[in-house]
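See below for the structure under consideration.
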Amino acid sequence: MDIFSRLFGRSKTSKAIAKERLRLVLIHDRSGIPPELLNVIKNEIITVISKHVRVEREGIQIRLSHTQGHTRLEADIPIISYRQAPIGSPLRTTPKTEAQR
Amino acid sequence: MAGRAITITSGKGGVGKTTVTANLAVALALLGRRVTAIDTDIGLRNLDIIMGMESRIIYDIVDVVEGQCHLLQALIRDKRLPNLHLLPAAQTSDKTALSREDMIAICQELKADNDFVLIDSPAGIEHGFQNALAGADEAIIVTTPEVSAVRSADRIIGLIEMNGKGPGRLIINRIKPAMVRRGDMLDTYDVIEFLAIELLGVIPEDEAVIVSANKGVPLAFEQSTQASQAFHNIARRILGETVPFMPIIEERGGLLNRLRSLFRFP
(Lines give C-alpha, C1' and ligand atoms only; values in the text may rest on other atoms or scores of the structure.)
Protein backbone atom coordinates (compact mmCIF):
# COMPACT_ATOMS: atom_id res chain seq x y z
CA MET A 1 0.00 0.00 0.00
CA ASP A 2 2.79 2.27 0.99
CA ILE A 3 4.63 1.60 -2.22
CA PHE A 4 1.53 2.37 -4.33
CA SER A 5 0.94 5.72 -2.75
CA ARG A 6 4.60 6.49 -3.38
CA LEU A 7 4.39 5.41 -7.02
CA PHE A 8 1.49 7.76 -7.59
CA GLY A 9 3.27 10.55 -5.81
CA ARG A 10 0.77 10.78 -3.01
CA SER A 11 3.34 10.54 -0.24
CA LYS A 12 7.02 11.26 0.07
CA THR A 13 9.49 8.64 1.18
CA SER A 14 10.54 9.03 4.79
CA LYS A 15 14.05 9.69 3.47
CA ALA A 16 12.79 12.72 1.53
CA ILE A 17 11.11 14.03 4.66
CA ALA A 18 14.29 13.40 6.67
CA LYS A 19 16.38 15.32 4.14
CA GLU A 20 14.07 18.32 4.12
CA ARG A 21 13.91 18.45 7.92
CA LEU A 22 17.67 18.05 8.23
CA ARG A 23 18.27 20.77 5.65
CA LEU A 24 16.23 23.26 7.67
CA VAL A 25 17.54 22.30 11.09
CA LEU A 26 21.18 22.42 9.96
CA ILE A 27 20.73 25.90 8.51
CA HIS A 28 19.42 27.14 11.84
CA ASP A 29 22.05 25.22 13.84
CA ARG A 30 24.92 26.53 11.73
CA SER A 31 23.79 30.14 11.69
CA GLY A 32 22.83 30.13 15.36
CA ILE A 33 19.58 31.86 14.40
CA PRO A 34 16.56 30.16 15.99
CA PRO A 35 13.43 29.77 13.82
CA GLU A 36 11.49 32.09 16.10
CA LEU A 37 13.95 34.94 15.53
CA LEU A 38 13.22 34.64 11.83
CA ASN A 39 9.56 35.46 12.54
CA VAL A 40 10.59 38.52 14.54
CA ILE A 41 12.85 39.68 11.71
CA LYS A 42 10.06 39.04 9.21
CA ASN A 43 7.58 41.21 11.11
CA GLU A 44 10.05 44.03 11.52
CA ILE A 45 10.95 43.96 7.83
CA ILE A 46 7.25 44.15 6.94
CA THR A 47 6.81 47.11 9.26
CA VAL A 48 9.71 48.99 7.70
CA ILE A 49 8.80 48.23 4.07
CA SER A 50 5.14 49.00 4.69
CA LYS A 51 6.04 52.57 5.56
CA HIS A 52 6.91 53.14 1.94
CA VAL A 53 5.07 50.61 -0.21
CA ARG A 54 2.05 48.35 0.14
CA VAL A 55 3.16 44.74 0.39
CA GLU A 56 1.26 41.49 -0.05
CA ARG A 57 1.66 39.98 3.41
CA GLU A 58 0.61 36.45 2.47
CA GLY A 59 3.21 36.21 -0.25
CA ILE A 60 6.18 37.22 1.88
CA GLN A 61 8.90 34.61 2.21
CA ILE A 62 11.86 35.06 4.50
CA ARG A 63 14.26 32.18 4.85
CA LEU A 64 17.83 31.28 5.64
CA SER A 65 19.97 29.40 3.19
CA HIS A 66 23.42 27.98 3.67
CA THR A 67 25.82 27.53 0.81
CA GLN A 68 29.58 27.13 0.80
CA GLY A 69 30.00 28.09 4.41
CA HIS A 70 27.94 31.27 4.14
CA THR A 71 24.55 31.79 5.66
CA ARG A 72 22.29 34.21 3.89
CA LEU A 73 18.95 35.71 4.73
CA GLU A 74 16.68 35.76 1.72
CA ALA A 75 13.57 37.88 1.64
CA ASP A 76 11.02 37.77 -1.15
CA ILE A 77 8.46 40.51 -0.63
CA PRO A 78 5.74 41.01 -3.24
CA ILE A 79 4.69 44.66 -3.61
CA ILE A 80 1.11 45.57 -4.43
CA SER A 81 1.61 49.26 -5.14
CA TYR A 82 4.08 52.01 -4.61
CA ARG A 83 2.80 54.27 -1.91
CA GLN A 84 3.96 57.86 -2.07
CA ALA A 85 6.38 58.38 0.76
CA PRO A 86 5.31 61.05 3.26
CA ILE A 87 6.56 64.54 2.62
CA GLY A 88 9.90 65.05 4.25
CA SER A 89 10.89 61.38 4.10
CA PRO A 90 14.35 60.84 2.65
CA LEU A 91 13.25 57.46 1.30
CA ARG A 92 11.67 58.20 -2.04
CA THR A 93 13.15 55.32 -3.98
CA THR A 94 11.49 51.96 -4.55
CA PRO A 95 12.89 49.36 -2.16
CA LYS A 96 14.34 46.24 -3.67
CA THR A 97 12.15 43.17 -3.48
CA GLU A 98 15.03 40.96 -2.53
CA ALA A 99 17.12 41.92 0.47
CA GLN A 100 20.19 39.88 1.08
CA ARG A 101 22.69 39.66 3.84
CA MET B 1 58.82 8.66 15.35
CA ALA B 2 55.75 9.77 17.27
CA GLY B 3 52.43 8.16 16.52
CA ARG B 4 49.10 9.71 15.64
CA ALA B 5 46.44 10.39 18.24
CA ILE B 6 42.94 10.11 16.80
CA THR B 7 39.75 10.94 18.68
CA ILE B 8 36.64 8.96 17.79
CA THR B 9 33.60 11.05 18.55
CA SER B 10 29.99 11.64 17.54
CA GLY B 11 28.08 14.08 19.71
CA LYS B 12 25.10 11.75 19.98
CA GLY B 13 25.38 8.65 22.12
CA GLY B 14 24.68 5.14 20.94
CA VAL B 15 25.94 5.48 17.37
CA GLY B 16 28.82 3.07 17.87
CA LYS B 17 31.87 5.10 18.95
CA THR B 18 33.12 2.43 21.33
CA THR B 19 32.54 -0.40 18.85
CA VAL B 20 34.38 1.57 16.16
CA THR B 21 37.26 2.38 18.51
CA ALA B 22 37.68 -1.25 19.61
CA ASN B 23 37.53 -2.63 16.10
CA LEU B 24 39.84 -0.06 14.55
CA ALA B 25 42.32 -0.67 17.36
CA VAL B 26 42.23 -4.41 16.65
CA ALA B 27 42.37 -3.95 12.87
CA LEU B 28 45.36 -1.58 13.09
CA ALA B 29 47.12 -3.92 15.52
CA LEU B 30 46.51 -6.87 13.19
CA LEU B 31 48.23 -4.81 10.50
CA GLY B 32 51.28 -4.77 12.75
CA ARG B 33 50.90 -1.29 14.21
CA ARG B 34 51.43 -0.51 17.90
CA VAL B 35 48.07 0.71 19.19
CA THR B 36 46.79 2.00 22.51
CA ALA B 37 43.07 2.72 22.93
CA ILE B 38 42.02 5.20 25.61
CA ASP B 39 38.56 5.20 27.15
CA THR B 40 37.78 8.79 28.20
CA ASP B 41 34.19 8.16 29.26
CA ILE B 42 34.86 8.68 32.96
CA GLY B 43 32.15 7.11 35.11
CA LEU B 44 30.69 5.11 32.21
CA ARG B 45 33.56 3.03 30.95
CA ASN B 46 32.72 0.49 28.27
CA LEU B 47 35.67 0.06 25.96
CA ASP B 48 37.13 -2.49 28.41
CA ILE B 49 34.10 -4.77 28.14
CA ILE B 50 33.87 -4.49 24.34
CA MET B 51 37.56 -5.42 24.12
CA GLY B 52 37.16 -8.25 26.65
CA MET B 53 39.59 -6.76 29.18
CA GLU B 54 37.18 -5.82 31.98
CA SER B 55 38.41 -8.46 34.43
CA ARG B 56 42.04 -7.37 34.20
CA ILE B 57 41.78 -3.71 35.20
CA ILE B 58 43.91 -2.72 38.18
CA TYR B 59 44.53 0.97 37.59
CA ASP B 60 42.70 3.45 35.39
CA ILE B 61 43.32 6.81 33.73
CA VAL B 62 42.34 8.78 36.84
CA ASP B 63 44.84 6.78 38.93
CA VAL B 64 47.48 7.84 36.41
CA VAL B 65 46.71 11.57 36.62
CA GLU B 66 46.44 11.40 40.41
CA GLY B 67 49.85 9.79 40.60
CA GLN B 68 48.61 6.49 42.10
CA CYS B 69 50.49 4.58 39.40
CA HIS B 70 52.67 5.05 36.36
CA LEU B 71 51.07 5.21 32.93
CA LEU B 72 52.59 1.86 31.92
CA GLN B 73 51.10 0.14 34.98
CA ALA B 74 47.59 1.18 33.96
CA LEU B 75 47.87 -0.19 30.43
CA ILE B 76 46.23 -3.56 29.78
CA ARG B 77 47.80 -5.68 27.10
CA ASP B 78 45.56 -7.65 24.76
CA LYS B 79 45.88 -11.42 25.21
CA ARG B 80 46.07 -12.09 21.47
CA LEU B 81 47.92 -9.03 20.24
CA PRO B 82 50.95 -7.93 22.28
CA ASN B 83 51.05 -4.64 20.33
CA LEU B 84 47.52 -3.66 21.47
CA HIS B 85 46.82 -1.93 24.79
CA LEU B 86 43.94 -0.32 26.59
CA LEU B 87 44.02 2.58 29.02
CA PRO B 88 40.68 2.20 30.84
CA ALA B 89 38.47 4.99 32.12
CA ALA B 90 37.68 5.29 35.81
CA GLN B 91 34.30 3.89 36.72
CA THR B 92 33.81 5.63 40.06
CA SER B 93 35.38 9.07 39.68
CA ASP B 94 33.43 11.94 38.20
CA LYS B 95 34.28 13.56 34.91
CA THR B 96 36.10 16.54 36.46
CA ALA B 97 38.88 14.17 37.63
CA LEU B 98 40.56 14.72 34.26
CA SER B 99 41.73 17.96 32.65
CA ARG B 100 42.70 18.89 29.10
CA GLU B 101 46.31 19.23 30.23
CA ASP B 102 46.22 15.71 31.68
CA MET B 103 44.97 14.34 28.37
CA ILE B 104 47.59 16.21 26.37
CA ALA B 105 50.35 14.81 28.61
CA ILE B 106 49.01 11.23 28.47
CA CYS B 107 48.59 11.31 24.69
CA GLN B 108 52.06 12.76 24.28
CA GLU B 109 53.58 10.00 26.35
CA LEU B 110 51.63 7.24 24.59
CA LYS B 111 52.44 8.60 21.13
CA ALA B 112 56.12 8.09 21.83
CA ASP B 113 55.64 4.32 22.09
CA ASN B 114 52.72 3.76 19.73
CA ASP B 115 51.89 4.19 16.07
CA PHE B 116 48.29 4.98 16.97
CA VAL B 117 46.54 6.30 20.05
CA LEU B 118 42.80 5.93 19.60
CA ILE B 119 40.72 8.04 21.99
CA ASP B 120 37.15 6.91 22.59
CA SER B 121 35.19 10.07 23.36
CA PRO B 122 32.13 10.23 25.59
CA ALA B 123 28.85 11.45 24.07
CA GLY B 124 27.99 15.12 24.37
CA ILE B 125 29.88 18.34 23.70
CA GLU B 126 30.92 19.20 27.25
CA HIS B 127 33.96 18.56 29.41
CA GLY B 128 34.46 14.92 28.45
CA PHE B 129 34.37 15.61 24.73
CA GLN B 130 36.76 18.55 25.12
CA ASN B 131 39.14 16.29 27.05
CA ALA B 132 38.97 13.59 24.42
CA LEU B 133 39.84 16.15 21.76
CA ALA B 134 42.60 17.91 23.70
CA GLY B 135 45.37 15.41 23.04
CA ALA B 136 44.28 14.44 19.53
CA ASP B 137 45.98 15.23 16.24
CA GLU B 138 42.91 14.39 14.20
CA ALA B 139 39.32 13.28 14.62
CA ILE B 140 37.01 10.61 13.28
CA ILE B 141 33.31 11.40 13.48
CA VAL B 142 30.94 8.45 13.75
CA THR B 143 27.33 8.88 12.71
CA THR B 144 24.37 6.74 11.70
CA PRO B 145 22.04 7.56 8.79
CA GLU B 146 19.44 9.11 11.11
CA VAL B 147 18.38 12.74 11.41
CA SER B 148 19.35 13.08 15.08
CA ALA B 149 22.79 11.54 14.60
CA VAL B 150 23.56 13.58 11.47
CA ARG B 151 22.48 16.77 13.22
CA SER B 152 24.75 15.99 16.19
CA ALA B 153 27.60 15.11 13.86
CA ASP B 154 27.24 18.46 12.11
CA ARG B 155 27.53 20.26 15.45
CA ILE B 156 30.54 18.18 16.50
CA ILE B 157 32.29 18.83 13.18
CA GLY B 158 31.90 22.57 13.84
CA LEU B 159 33.36 22.22 17.34
CA ILE B 160 36.29 20.13 16.09
CA GLU B 161 37.07 22.84 13.54
CA MET B 162 36.84 25.53 16.23
CA ASN B 163 39.43 23.56 18.21
CA GLY B 164 41.76 23.55 15.21
CA LYS B 165 41.57 19.77 14.82
CA GLY B 166 39.29 19.79 11.81
CA PRO B 167 37.74 18.92 9.59
CA GLY B 168 37.93 15.28 10.60
CA ARG B 169 36.82 12.27 8.63
CA LEU B 170 33.50 10.48 8.69
CA ILE B 171 32.39 6.94 9.40
CA ILE B 172 28.76 6.12 8.67
CA ASN B 173 27.73 3.25 10.91
CA ARG B 174 24.74 0.90 10.85
CA ILE B 175 23.55 1.52 7.33
CA LYS B 176 20.77 -0.86 6.28
CA PRO B 177 20.85 -1.47 2.52
CA ALA B 178 17.26 -2.74 2.41
CA MET B 179 15.91 0.40 4.09
CA VAL B 180 17.99 2.58 1.80
CA ARG B 181 16.52 0.75 -1.19
CA ARG B 182 12.98 1.36 0.08
CA GLY B 183 13.67 5.06 0.50
CA ASP B 184 13.39 4.82 4.26
CA MET B 185 16.96 5.61 5.18
CA LEU B 186 19.44 8.31 4.25
CA ASP B 187 22.17 6.83 2.09
CA THR B 188 25.90 7.51 2.14
CA TYR B 189 25.56 10.17 -0.52
CA ASP B 190 22.89 12.06 1.47
CA VAL B 191 24.93 12.06 4.67
CA ILE B 192 28.10 13.24 2.89
CA GLU B 193 26.12 15.97 1.17
CA PHE B 194 24.95 17.34 4.53
CA LEU B 195 28.18 17.01 6.46
CA ALA B 196 30.61 17.83 3.64
CA ILE B 197 33.64 16.06 5.10
CA GLU B 198 35.79 13.26 3.80
CA LEU B 199 34.31 9.77 4.03
CA LEU B 200 36.50 7.24 5.78
CA GLY B 201 34.15 4.30 5.66
CA VAL B 202 30.66 2.86 5.74
CA ILE B 203 29.75 0.03 8.12
CA PRO B 204 26.60 -1.97 7.44
CA GLU B 205 24.29 -2.93 10.29
CA ASP B 206 25.45 -6.35 11.42
CA GLU B 207 24.11 -8.58 14.20
CA ALA B 208 27.60 -9.99 14.58
CA VAL B 209 28.53 -6.73 16.37
CA ILE B 210 26.26 -7.67 19.26
CA VAL B 211 27.51 -11.26 19.28
CA SER B 212 31.09 -10.05 19.44
CA ALA B 213 30.25 -7.63 22.25
CA ASN B 214 28.64 -10.50 24.15
CA LYS B 215 31.88 -12.46 23.86
CA GLY B 216 34.24 -9.55 24.41
CA VAL B 217 36.04 -10.35 21.18
CA PRO B 218 35.91 -7.46 18.69
CA LEU B 219 34.57 -8.42 15.28
CA ALA B 220 37.76 -7.31 13.59
CA PHE B 221 39.56 -10.42 14.86
CA GLU B 222 37.73 -12.31 12.13
CA GLN B 223 37.23 -11.11 8.61
CA SER B 224 34.13 -13.17 7.95
CA THR B 225 31.39 -10.54 8.09
CA GLN B 226 30.67 -7.43 6.06
CA ALA B 227 31.03 -5.17 9.09
CA SER B 228 34.36 -6.74 9.98
CA GLN B 229 35.60 -6.22 6.43
CA ALA B 230 34.48 -2.58 6.67
CA PHE B 231 36.60 -2.07 9.80
CA HIS B 232 39.66 -3.55 8.10
CA ASN B 233 39.12 -1.33 5.06
CA ILE B 234 38.89 1.74 7.30
CA ALA B 235 42.09 0.75 9.12
CA ARG B 236 43.91 0.53 5.79
CA ARG B 237 42.54 3.92 4.73
CA ILE B 238 43.84 5.38 8.00
CA LEU B 239 47.26 4.02 6.99
CA GLY B 240 46.95 5.91 3.73
CA GLU B 241 45.98 3.10 1.40
CA THR B 242 43.35 3.62 -1.27
CA VAL B 243 40.74 0.97 -0.57
CA PRO B 244 37.59 0.78 -2.72
CA PHE B 245 34.31 1.27 -0.88
CA MET B 246 32.07 -1.73 -0.42
CA PRO B 247 29.16 -2.48 -2.80
CA ILE B 248 26.58 -0.66 -0.72
CA ILE B 249 27.99 2.54 -2.16
CA GLU B 250 28.50 1.19 -5.64
CA GLU B 251 24.76 0.74 -6.01
CA ARG B 252 24.63 4.34 -7.13
CA GLY B 253 26.40 4.84 -10.41
CA GLY B 254 29.31 7.21 -10.52
CA LEU B 255 29.25 7.82 -6.81
CA LEU B 256 32.18 5.56 -6.06
CA ASN B 257 34.45 7.65 -8.19
CA ARG B 258 33.18 10.82 -6.58
CA LEU B 259 33.91 9.43 -3.16
CA ARG B 260 37.30 8.24 -4.22
CA SER B 261 38.16 11.71 -5.41
CA LEU B 262 37.54 12.92 -1.87
CA PHE B 263 40.66 11.14 -0.80
CA ARG B 264 43.92 12.93 -1.04
CA PHE B 265 45.90 9.72 -0.99
CA PRO B 266 48.02 8.82 -4.00
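The values are calculated or read from the model by the stated rules, or taken from the named source; none is laboratory data. Here the structure is a predicted model, which means the values were calculated and not measured. Here the Cβ is made from the backbone with ideal geometry for all residues, glycine too, and neighbour counts use every protein chain on show.
Filtering segment A:26-56 to residues that are within 15 Å of the chain's Cα centre (by Cα) and either within 11 Å of another protein chain (Cβ to nearest Cβ) or farther than 22 Å from A:ASP76 by Cα (or both) leaves A:ILE27, A:HIS28. In segment A:1-41, the residue that is modelled with the highest pLDDT out of those that are β-branched (Val, Ile, Thr) and under 17 Å from A:SER65 (Cβ atoms) is A:VAL25. On inspection, B:LEU133 qualifies as closer than 26 Å to B:ILE42 by Cβ, modelled with pLDDT of 95 or more and in contact with a helix residue (DSSP H, G or I) (Cβ under 9 Å, 6 or more places away or on another chain).
Residues are listed down the side, and each one gets a yes or a no for (1) of a type in the set (A, V, I, L, M, F, W, C); (2) out of contact with any strand residue (DSSP E or B) (no Cβ under 6 Å at 6 or more places or on another chain); (3) more than 24 Å from B:HIS127 (Cβ to Cβ):
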{"site": "B:LYS12", "(1), (2), (3)": "no, yes, no"}
{"site": "B:ARG34", "(1), (2), (3)": "no, yes, yes"}
{"site": "B:ILE57", "(1), (2), (3)": "yes, yes, no"}
{"site": "B:GLU66", "(1), (2), (3)": "no, yes, no"}
{"site": "B:CYS69", "(1), (2), (3)": "yes, yes, no"}
{"site": "B:LEU87", "(1), (2), (3)": "yes, no, no"}
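On the given criteria, is B:VAL150 farther than 18 Å from B:THR18 by Cβ, surrounded by 24 or more Cβ atoms within 10 Å (Cβ to Cβ) and in contact with a strand residue (DSSP E or B) (Cβ under 8 Å, 6 or more places away or on another chain)? Yes: the conditions hold for B:VAL150. How many residues does segment B:176-186 hold that are at pLDDT below 95 and buried (at least 19 other Cβ atoms within 10 Å of the Cβ)? Looking only at that region, the number is 1. Checking B:ALA2 against (1) out of contact with any Leu (no Cβ under 6 Å at 6 or more places or on another chain); (2) farther than 24 Å from B:GLU205 by Cα; (3) buried (at least 19 other Cβ atoms within 10 Å of the Cβ); (4) not hydroxyl-bearing (Ser, Thr, Tyr), only one condition comes out false. Which one? Going through the list (1) out of contact with any Leu (no Cβ under 6 Å at 6 or more places or on another chain); (2) farther than 24 Å from B:GLU205 by Cα; (3) buried (at least 19 other Cβ atoms within 10 Å of the Cβ); (4) not hydroxyl-bearing (Ser, Thr, Tyr), B:ALA2 breaks only (3).
So is B:ILE8 buried (at least 22 other Cβ atoms within 10 Å of the Cβ), touching a Cys at 6+ places or on another chain (Cβ under 8 Å) and not in a loop (DSSP other than H, G, I, E, B) or not? Against the criterion (buried (at least 22 other Cβ atoms within 10 Å of the Cβ), touching a Cys at 6+ places or on another chain (Cβ under 8 Å) and not in a loop (DSSP other than H, G, I, E, B)), B:ILE8 does not qualify.
Listed here are the residues, each with its yes/no results for (1) out of contact with any helix residue (DSSP H, G or I) (no Cβ under 6 Å at 6 or more places or on another chain); (2) over 18 Å from B:ASP190 (Cβ atoms).
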position	(1), (2)
B:ASP137	yes, yes
B:ILE140	yes, yes
B:VAL147	no, no
B:ASN163	no, yes
B:ARG174	yes, no
B:PRO177	no, no
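The number of residues in segment B:85-109 being of a type outside the set (A, V, I, L, M), assigned to a helix (DSSP H, G or I) and under 20 Å from B:VAL35 (Cα atoms) comes to 4. Considering B:ILE192, B:ILE210, B:ILE203, the condition of being of a type outside the set (Phe, Trp, Tyr) and within 14 Å of another protein chain (Cβ to nearest Cβ) is satisfied by B:ILE192 alone.
Based on what the data block shows, is A:ILE62 under 28 Å from B:SER148 (Cα atoms), at pLDDT 70 or above, under 15 Å from the mean Cα position of the chain (by Cα) and not in a helix (DSSP H, G or I)? Yes.
Residues in segment B:126-156 that are within 10 Å of another protein chain (Cβ to nearest Cβ) and β-branched (Val, Ile, Thr): B:VAL147, B:VAL150. Exactly one residue out of B:ILE76, B:ILE58, B:ILE106, B:ILE119 is more than 30 Å from A:LYS19 (Cα to Cα), at pLDDT 95 or above and surrounded by fewer than 17 Cβ atoms within 10 Å (Cβ to Cβ): that is B:ILE58.
Consider B:ILE119 carefully, then state whether it is in contact with a His (Cβ under 7 Å, 6 or more places away or on another chain) and in contact (Cβ under 8 Å) with a residue 12 or more places away in the chain. Against the criterion (in contact with a His (Cβ under 7 Å, 6 or more places away or on another chain) and in contact (Cβ under 8 Å) with a residue 12 or more places away in the chain), B:ILE119 does not qualify.
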